[in-house]
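Beneath this line is the structure, given in structure tokens, with notes to follow.
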């Protein structure tokens, strides 16, 4: 396992980060513990969480993932791993977050209240990385920077970052931190995969020039890049199968973004490329993600030990130029299949 620095901070984390969003929904507590232990024993020391988890978001499930992970954390020396979590932001009318009765805003009170709740559930007195789960473009970045900086000074968080942030938002946050003299976002956790390369258009260059780390989520395109949906299949137990068959309007829209003719065509075209490289398309996709110079660690979630074992095959792997060129040829032909 390789280990890399987050932003300009002193935190050096494993190149694979275990996402926990399935713990408490598709994974019960016992299976979650088994996966966490297996990851830890195989060199993964970076774990990503959120107050909103597990998925799909439900009021009766909210906070459950942090509670499960918190119990597991007590079985390990706290200084041997890094824990990240997130605060839910405003729903902007399209979504009512199932925490704090949907009254989720990014002000000093809410940031502090949300963090205290996460610390209690995680059974720890600090988190290593605290993130805004999605942006509030009409909100006050000054308040976010000041509130986060206070929490760093108090030792309750070590560094902070954003998720699902835009190019404008990342630079607005950086400019605000410079203006106020506070600490800054060290990371941005966005959707980034072979099926969704938009991060490279501008945010990748911003990350390079500003020394901000991208933490890709869904590097397997929400599971599409494993090939399990090829040929129009909707396998039992798969997240987007459930969303397509019985999900609400928002879930079906989300599934359609990840799972559509373009993403399936891309995935099917990648299979011979992966075979030529001597790996599965799953390992190819994860290796491609973590190989970018602005990516210190790639976040991936699993539902079983077997899935984790396949992902662990990507550690230390590097794709050669011929393989990268073959991937580029496919994505140049099928542009932006996720929209």
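None of the figures in this text is laboratory data; all of them are computed from the coordinates on show. The structure displayed is predicted, hence computed values, not measured ones. Cβ: placed from backbone, ideal geometry, glycine included. Neighbour counts: every protein chain shown.
Counting only helical runs of four or more DSSP H residues, what would the 222 nm mean residue ellipticity of the chain come to if each run contributes -39,500 (n - 2.57) and the total is spread over all its residues? Walk me through the numbers on the way to the answer.
Working: 12 runs with 139 residues, N = 339.
Only helices count here, giving -12500 deg cm²/dmol.
Compute the acute angle (0 to 90°) between the alpha-carbon long axis of helix 29-41 and the principal axis of greatest extent of the alpha-carbon atoms of the chain; round to the nearest 10°.
Tilt relative to the chain: about 80 degrees.
Based on DSSP, what percent of beta bridges with both residues in the chain are antiparallel, to the nearest 5? If you can, show how the numbers build up before the last one.
On the way: 4 of 30 bridges.
In the chain, approximately 15 percent of DSSP beta bridges are antiparallel ones.
Using just the alpha carbons, could you tell me how many Å³ per residue the convex hull of the range 3-189 encloses? Kindly include the intermediate steps, with their values, before the conclusion.
Details: hull volume 20.7 nm³, N = 187.
So the per-residue hull volume is 111 Å³.
Output the 0 to 90 degree angle, nearest 10, between the alpha-carbon long axis of helix 249-258 and the longest principal axis computed from the alpha carbons of the chain.
Roughly 50 degrees between the two axes.
What's the exposure ranking of 126, 82, going from fewest to most Cβ atoms within 10 Å? Can you show the working numbers first?
Details: 126 17, 82 21.
Sorted ascending by nearby Cβ count, the order is 126, 82.
What does DSSP give for the range 3-189 in terms of the percent of beta bridges that are antiparallel, rounded to the nearest 5? Kindly include the intermediate steps, with their values, before the conclusion.
Numbers: 3 of 22 bridges.
Looking only at bridges with both residues in the range 3-189, the antiparallel portion is about 15 percent.
Could you tell me which of rounded, prolate or oblate describes the range 58-160, using a ≥ b ≥ c as the square roots of the eigenvalues of the alpha-carbon gyration tensor, with rounded for a/c under 1.5 and, failing that, prolate when a/b is larger than b/c and oblate otherwise?
Working: a/c = 2.45, a/b = 1.29, b/c = 1.91.
Cα axes put the range 58-160 in the oblate bin.
Rounded to the nearest 10 degrees, what's the angle between the helix 321-333 long axis and the longest principal axis of the chain, both from Cα atoms, 0 to 90?
90
Suppose the chain between residue 103 and residue 75 were pulled fully straight at 0.36 nm per residue; how much longer would it get relative to their current alpha carbon spacing?
Numbers: separation 28, 0.36 × 28 = 10.08 nm, distance 3.40 nm.
Answer, rounded to one decimal: 6.7 nm.
Would you give the gap between the C-alpha center of the range 190-219 and the C-alpha center of the range 110-135, rounded to a whole Å?
The range 190-219 and the range 110-135 have Cα centres spaced 24 Å from each other.
So what's the gap between the Cα centers of the range 11-76 and the range 255-324, to the nearest angstrom?
21
Rounded, prolate or oblate: which fits the chain, taking a ≥ b ≥ c as square roots of the Cα gyration tensor eigenvalues, rounded meaning a/c under 1.5, else prolate when a/b beats b/c? Mind showing how you got there, number by number?
Details: a/c = 1.42, a/b = 1.32, b/c = 1.07.
Rounded, because the longest to shortest axis ratio a/c is under 1.5.
State whether the range 1-93 is rounded, prolate or oblate according to the following rule on the C-alpha gyration tensor (a ≥ b ≥ c being the square roots of its eigenvalues): a/c under 1.5 gives rounded; otherwise a/b larger than b/c gives prolate, and the remaining case gives oblate. Display every interim value, and only then the final one.
On the way: a/c = 2.21, a/b = 1.31, b/c = 1.70.
Oblate, because a/c is 1.5 or more while a/b does not exceed b/c.
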